[in-house]
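A short worksheet on the structure shown next.
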Amino acid sequence: MGEPQQTQESTEGTPEERRALFRVVRGTPDDHELAALAAVVAAAASTGGPSPAPRTPDLWSHPAARLRAPLHAGPGAWRASGLPR
């Protein structure tokens, strides 16, 4: 109860601090160190997530399915229709 309570205004900071990508909490980095940190954070953010797994080809819509020979009626035609050529 003896501690001063922080108001919401004091924790939010200035508009520049709220818009910042990162904030230095301790130490005094020079411009080169901040530029290196910004480059690493930007590169990590641009990589995105893991690449999706490769899809298996859909053989129902494969163009070679349109090139099969026509089926002819006759003895054994039903059996020949399911056999590979």
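The residue that is modelled with the lowest pLDDT, among those in the stretch 5-32 that are part of a loop (DSSP other than H, G, I, E, B) and of a type in the set (Lys, Arg), is Arg23. Among the candidates Ala53, Ala45, Ala64, the residue that is under 31 Å from the mean Cα position of the chain (by Cα), modelled with pLDDT of 75 or more and not in a loop (DSSP other than H, G, I, E, B) is uniquely Ala45.
The values are calculated or read from the model by the stated rules, or taken from the named source; none is laboratory data. Not measured: the values here are computed from a predicted model.
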